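Here the structure is laid out as structure tokens; the discussion comes afterwards.
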Amino acid sequence: SYGALLADRDYRAPALHFSWIMAAVFATQAAIPYLMVEVLGGTATEYGVWFGVACVFYVAGNLFTARWGHRYAPRRLILASSIGCMLAAAAGAIALPIAGMSAISLFVPTSALYFFAALGIAPVQAEAVAAQPGRAGAASGLLTASQMVIGALTVQVIGFSHDGTARPLFVGLVACSVLAVAGVIWFRRRPEDAGMTASTDAAA
């Protein structure tokens, strides 16, 4: 089943998009605690408060898709999600040398990235599982495995690139989001499945 799924472009494209978006999320969760506490000298409580704010934006993105996602074509929502993540990551990379590293310069773009990442999670999972309905279980399991593998590799690369600033993090976030956009473009052009909207609502 895994071989058949990996050979299917309609599965690979959403799976790679999902994996790269989640890799960006994992990267922030791995790097920012170190930057906040060890580099900036902040407290664990300060980090926790800021991370809680970022999570509110993540929840807001999920709620938006659950409530209003049916108004948009799934792939349009996925594209908006990946472009939004790319813009948020690029804004962070640009602002860092100008404003310097601080909790605000770390978490404002991260919060925006979380919101846009959450927008596309339900529809992209629905797209991946719908690629081969007869292998839905294997598709879901492989989707989870791929995000873990790509996320782990991304975190390691960013960690090895650490230079005492947030620059490697934001460069990594930009790279992840660009690859996610490439995954959207890779989608094969075909008519939307009639049941895709219902699948998106169910996944949300």
Response to the item:
Among the DSSP H helices of the chain, those whose Cα atoms extend at least 24 Å along the helix axis and whose mean Kyte-Doolittle hydropathy is 0.5 or higher are 44-68, 74-99, 103-130, 136-160, 167-185
Practice prompt. For the chain, set up a Gaussian network in which alpha carbons nearer than 10 Å are linked by springs, and say which option among PHE57, PHE160, PHE107 fluctuates the most.
Written response: PHE160
Worksheet, complete the sentence: Share of accessible surface on carbon and sulfur in the chain, whole %, 1.4 Å probe and ligands ignored, is 68
Worksheet item: Rg to Rh for the chain: what is it, with Cα atoms only and Rh by Kirkwood?
Response: 1.00
Response to the item:
Extension length gain for VAL37 and VAL157 (0.36 nm per residue less Cα distance), in nm, is 41.1 nm
Item to complete: With a point put 7 Å past each Cα toward its Cβ, work out how far TRP186 is from VAL56 in nm, to one decimal.
Response: 3.6
Worksheet entry | Spatial extent of region 53-140: Rg and Dmax, with the Cα atoms as the point set, Å | 15.4, 52
Fill in: Charge dipole (debye, nearest 20) of the chain; +1 at Cβ of Lys and Arg, -1 at Cβ of Asp and Glu
540
Practice prompt. Distance between Cα centroids, region 1-44 to region 85-106: provide it in whole Å.
Written response: 18
Worksheet item: Just the accessible area per residue of region 23-120, please: how many Å² with a 1.4 Å probe?
Response: 47
Discussion item. Per DSSP helix of 4 or more residues, -39500 (n - 2.57); summed, then divided by the residues of the chain. What does that give at 222 nm, rounded to the nearest 500?
Written reply: -27500 deg cm²/dmol
Discussion item. With the cut-off at 1.5 for a/c, could you classify region 1-83 from its C-alpha gyration tensor as rounded, prolate or oblate?
Written reply: oblate
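The values are calculated or read from the model by the stated rules, or taken from the named source; none is laboratory data. Everything numeric here is computed off the predicted structure, so don't read it as measured data. Backbone-built Cβ (ideal geometry, glycine too); neighbour counts: all protein chains shown. The protein model used for the area step is the full one, side chains on, heavy atoms only, and it has no ligands, DNA or RNA in it. Shrake-Rupley method; radii C 1.70, N 1.55, O 1.52, S 1.80 Å.
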